[in-house]
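Worksheet: one structure, shown below.
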Amino acid sequence: MSATDAAARREELVALYKEVSKCTKCPLHETRTKAVFGAGNADADLMFVGEAPGAEEDRQGLPFVGRAGQLLNELLVEIGLSREDVFICNVLKSRPPNNRDPQPTEIAACEPYLFEQVRLIEPRVVCTLGNFATKLLTGNQTGITRVRGTPQTHELGGRPVHLLPLFHPAAALRTPAVKEQLRGDFATIPALLAQALPEPMPSAAEIAAETAVEDEEPPPPADQLGFFGGPDGG
Ligand code: SF4
């Protein structure tokens, strides 16, 4: 990707940030202090997607600034990275009151911002943190305990990416065993970043066209054309 392309994508990301800052598309704008767009490298290869801002994030307008954020920083350092190398955001950009679960209508209103962020940042690896982000971005309702640590391939923001489901750092803070599993899963990120990007997946239209061709009767071999009464058939 050329520097000009990266600069243009960054500019669009800034415009999106301004839009999110004054968004009123769902009722959460009435109770938030600040919208939390996300932060980090606008051209990052590695992106993290959490659930929603908490109290401290809501106050500061920044993602993962509390204890869960500190753990995330620690785990990044252990694999030779820092916050400046990655982009971190959430599915919801405004805090649900009392940290209650995001509602389906709120996710539906907010998710276009997330997909636009992925399209503009062009990450190679997207790590989903916890159940909400994982279920939304994989399109699968299997719980995080069963899918964490195993990379998947998905098309996000119009491009194929490696998707790695991870436990949410807040869950890791509550349970030492979960923290160790999260640490082990983090250790697999550098190898995933080094892997070639998955091949673009065929669109639904392409799959349908291919299936239609397979279902068609094969044309008769050329030497049978005469037999079927072609121009020279007689
Ligand atoms: S949660 Fe998303 S859709 Fe709802 S007000 Fe905040 S930015 Fe807008």
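At a glance:
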{"item": "Three-way shape label, region 1-156, alpha-carbon gyration tensor, a/c 1.5", "result": "rounded"}
{"item": "Total formal charge among the other residues, if their Cβ is under 10 angstrom from that of residue 53, Lys/Arg +1 and Asp/Glu -1", "result": "+1"}
{"item": "Region 1-46 and region 81-148: distance between their alpha carbon centers, rounded to Å", "result": "14"}
{"item": "Surrounding net charge for residue 85, when Lys and Arg each add one and Asp and Glu each subtract one, Cβ distance under 14 Å", "result": "-2"}
{"item": "Under 14 Å, Cβ to Cβ, from residue 34 - net charge with Lys/Arg +1 and Asp/Glu -1", "result": "+2"}
{"item": "Shape call, region 91-181: gyration tensor on alpha carbons, a/c limit 1.5", "result": "oblate"}
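Here, each number is a calculation from the coordinates, and none is a lab measurement. Worth saying up front: this structure is predicted, and the values here are computed from it rather than measured. Positions of Cβ are backbone-derived with ideal geometry, glycine not excepted, and every protein chain shown enters the neighbour counts.
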